[in-house]
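Since the structure comes first, as structure tokens, the remarks are kept for the end.
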Amino acid sequence: MGNPKGFIEIPRKEAGYRPVNERIADFSEVEQILDLSDRLLQASRCMDCGVPFCHWACPTHSRMPEWQDAFYREQWEKAIATLQLTNDLPEITGRVCPALCEKSCVLAIHDEAVTIRENEVALAEQAFEMGLITPQPPRRRNGKKVAVIGSGPAGLTVASRLNRAGYEVTVFEKDKKAGGLLRYGIPDFKLTKAVIDRRLDIYEQEGVRFRTGVYAGKDISAKELTQQFDAICLAVGARKPRDLEVPGRELEGIWFAMDYLTQQNLINDGANISGRRRISAKGKKVVVIGGGDTGSDCVGTALRQRARSVTQVEILPQPPVERTEDNPWPFWPQTLRTSSSHQEGCERLWSLRTTKIIGKEGRVTALKLEKLEWKKENGKMIPVGTGEKTKLEADMIILAMGFVHPMQDKLLKDLKTEYDDRGNILPEQHEREIPVFAAGDATLGPSLVVRAIASGQETAERIHAYLER
Ligand SMILES: Cc1cc2nc3c(=O)[nH]c(=O)nc-3n(C[C@H](O)[C@H](O)[C@H](O)COP(=O)(O)OP(=O)(O)OC[C@H]3O[C@@H](n4cnc5c(N)ncnc54)[C@H](O)[C@@H]3O)c2cc1C
Ligand code: SF4
């Protein structure tokens, strides 16, 4: 423990966000950076608890007490080595993770948690600046080849771990650039894409081969993959969006969140998209259906595109501000979360079900909504319609109601992929010509970057154990 009294003497200090009027004028990262001396003091707040619940809560089981102690003492090499031991992409989770760890920090019982996520990104950035994060190519190759399909955080973790263990790894990515949802889903104002490029550059120098713009199943067939590789890992994400089946769904002006966010990310990357193909909220009354993180990213994007107004509609009831008795520490708090995008100016409505979309001359003009009451029945929350109807004007609707499971496309069909009862890919399938594994959202359903990384780590180990036999 850097300073045994750190948690008593030093209050929690967050770097905070750039001022709203400044940040909504651009797509640059919203979060600021604390200066190094303040950051080291924040790391000294870690109490090195006998049972570090933060370590239990983090899916990669990060060793927070150890790396924060080394960080505070400015033992840079030890600190970054300890952090990277369990987290392959700390510069990314440090920016976008909801910090499951902090909600389980022992300090959070009656004080403010250690700023673990911010300390993580600060340490990673310091290590990059000092040249401590460098390519680690394998000393020798073992002659075995693995195809990883998909270059999101799960695919990247599998590829990097197996490559470092001596496998020849090729990552196939259907998009123009690698990164998956990190690049085309998460907006630049949360994660600047230069951060992904810097990591990809390291992976390439280590010997990972990236074949972008190649749709596995179409541009390279399942048969070719089977002939050319010793194992296949499906890290294809869970991209089938949940749709809204109500009258009026066919009207113009209704978009899936991913189509909307991807286009803005492409434009930020220099793409020229204009005319009818351009999805813009400029001057429009925008309604985002879905109150989760994807919806919040749409809110921030619409505000930056100069929407006239932005309203976010959620079917679930408004969560409480504080933990309830049946949701104690150290579990994830089911409390109200307000993102930087919400703070930028958006109305949030709760317990509303969309019953109809109204339009004029083929274009959306409004939504009809019914107020719901949530009742507990046999321990489950059940929505009950109250009959109370409202109408919300809208000339653009964004559907951000989550994703159901992976796109079960040609590659998966040709590989005779097996699914669980939610439609996600089973993690291991051996009864075929070569073993097929799966990692990340493709197996978990829509989840988090840190869970995709943890799943990638486990999958790399399973592939190694199988091919080593
Ligand atoms: C808008 C949005 C915002 C999010 N924000 C956060 C956040 O702030 N924090 C957080 O922790 N999580 C966030 N998430 C969730 C997080 O991004 C995902 O859980 C994570 O990216 C999943 O990683 P993955 O590698 O499993 O899949 P993905 O990132 O989805 O990557 C799958 C890749 O596979 C490729 N692919 C699919 N099929 C093929 C094929 N046949 N051939 C070639 N390539 C193929 C896809 O093009 C894609 O690049 C967000 C998700 C969304 C949608
Ligand atoms: S990855 Fe997320 S949960 Fe794990 S230590 Fe970092 S911020 Fe915490």
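The values are calculated or read from the model by the stated rules, or taken from the named source; none is laboratory data. Computed from a prediction, not measured in an experiment: that's the story for all the values here. Heads up, the Cβs are rebuilt from the backbone with ideal geometry, glycines too, and the neighbour counts pull from every protein chain shown. Ligands, DNA and RNA are stripped out before the accessible areas are found, and what is left, the full protein with its side chains, is counted by its heavy atoms. Shrake-Rupley method; radii C 1.70, N 1.55, O 1.52, S 1.80 Å.
Using alpha carbon centroids, what distance separates segment 339-360 and segment 215-273, in Å?
Between the Cα centres of segment 339-360 and segment 215-273 lies a distance of 25 Å.
For segment 189-291, build the convex hull from the C-alpha positions and give me its volume per residue in Å³.
Considering the Cα atoms of segment 189-291, their hull volume per residue is 191 Å³.
Sort F331, F189 from largest to smallest accessible area, using a 1.4 Å probe on the heavy atoms of the protein chains.
These residues rank, largest area first, as F331, F189.
Rounding to the nearest 20 debye, state how big the charge dipole of segment 280-368 is about its Cα centre with +1 on each Lys and Arg Cβ and -1 on each Asp and Glu Cβ.
So the magnitude is around 760 debye.
Please work out, to two decimal places, the log10 of the ratio I(q)/I(0) at q = 0.12, 0.13, 0.18 Å⁻¹ from a Debye calculation in which every Cα of segment 351-469 carries one identical scatterer.
Reported log10 I(q)/I(0), two decimals: -0.72, -0.78, -0.97.
Starting from the amide H of R348, placed 1.01 Å from N in the peptide plane, find each other amide H under 5 Å away whose residue is 5 or more places distant or on another chain.
So R348 has HN proximity to Q312.
Taking a probe of 1.4 angstrom, what is the accessible area of R199 in Å², to the nearest 10?
10 Å²
Please name which of A454, P153, M407 has its Cα lying farthest along the dipole of the chain towards the positive end, using unit charges on Cβ (Lys, Arg +1; Asp, Glu -1) and the Cα centre as origin.
Farthest towards the positive end: M407.
Once the piece of chain linking W56 and Y466 is laid out straight, how much longer is it, given 0.36 nm per residue of separation minus the C-alpha distance between them?
Stretched out fully, the W56 to Y466 stretch lengthens by 144.8 nm.
Which whole-number value in Å³ per residue fits the convex hull of the alpha carbons of the chain?
Cα-based convex hull of the chain, divided per residue, equals 166 Å³.
Write down the Å³ per residue value for the convex hull defined by the alpha carbon atoms of segment 242-337.
Convex hull of Cα atoms, per residue: 138 Å³.
So what's segment 122-255 giving for Rg/Rh, alpha carbon basis, Kirkwood Rh from the mean inverse pair distance?
Using only Cα positions, Rg/Rh for segment 122-255 is 1.07.
Heavy-atom accessible area of Y167 with all protein chains present, probe 1.4 Å, nearest 10 Å²?
Accessible area of Y167: about 0 Å².
Once you have the Cα-Cα distance between R276 and R211, take 0.36 nm times their residue separation minus that, and quote the gain in nm to one decimal.
Full extension of this stretch gives 20.3 nm more.
Please compute the contact order of the chain in relative form: average sequence separation of alpha-carbon pairs under 8 Å and at least six residues apart, divided by the residue count, as a percent.
Worked out over the chain, it gives 17 percent.
Run the simple label-point estimate for A194 and M407 please: 7 Å along Cα→C-beta, distance reported in nm.
3.1 nm
Give me the percent of the accessible area of the chain that comes from carbon and sulfur atoms, probe 1.4 Å, all protein chains in place.
That fraction is 49 percent.
To the nearest 20 debye, what charge dipole does the chain have about its Cα centre, counting +1 at the Cβ of each Lys and Arg and -1 at the Cβ of each Asp and Glu?
1320 debye
7 Å from Cα along Cα→Cβ at both T324 and L336: what's the point-to-point distance in nm?
The answer from the label model is 1.5 nm.
Can you tell me the FRET efficiency between H430 and N21 if r is taken as the Cβ-Cβ distance and R0 is 60 Å, rounded to the nearest 0.05?
0.55
Based on the alpha carbon coordinates of segment 254-399, what radius of gyration and maximum Cα-Cα distance (Dmax) apply, in Å?
Taking only Cα atoms of segment 254-399, I get Rg and Dmax of 17.1, 53 Å.
Roughly what % of Cα-Cα distances in segment 6-129 sit above 26 Å, to the whole percent?
16 percent
I'd like to check one number: the per residue accessible area of the chain, probe 1.4 Å, reported in Å² as a whole number.
I get 47 Å² per residue for this part.
Any idea what log10 I(q)/I(0) is at q = 0.13, 0.25, 0.31 Å⁻¹ for segment 412-469, Debye with uniform C-alpha scatterers and no solvent?
Once normalised to I(0) and log-transformed, intensities are -0.34, -1.06, -1.25.
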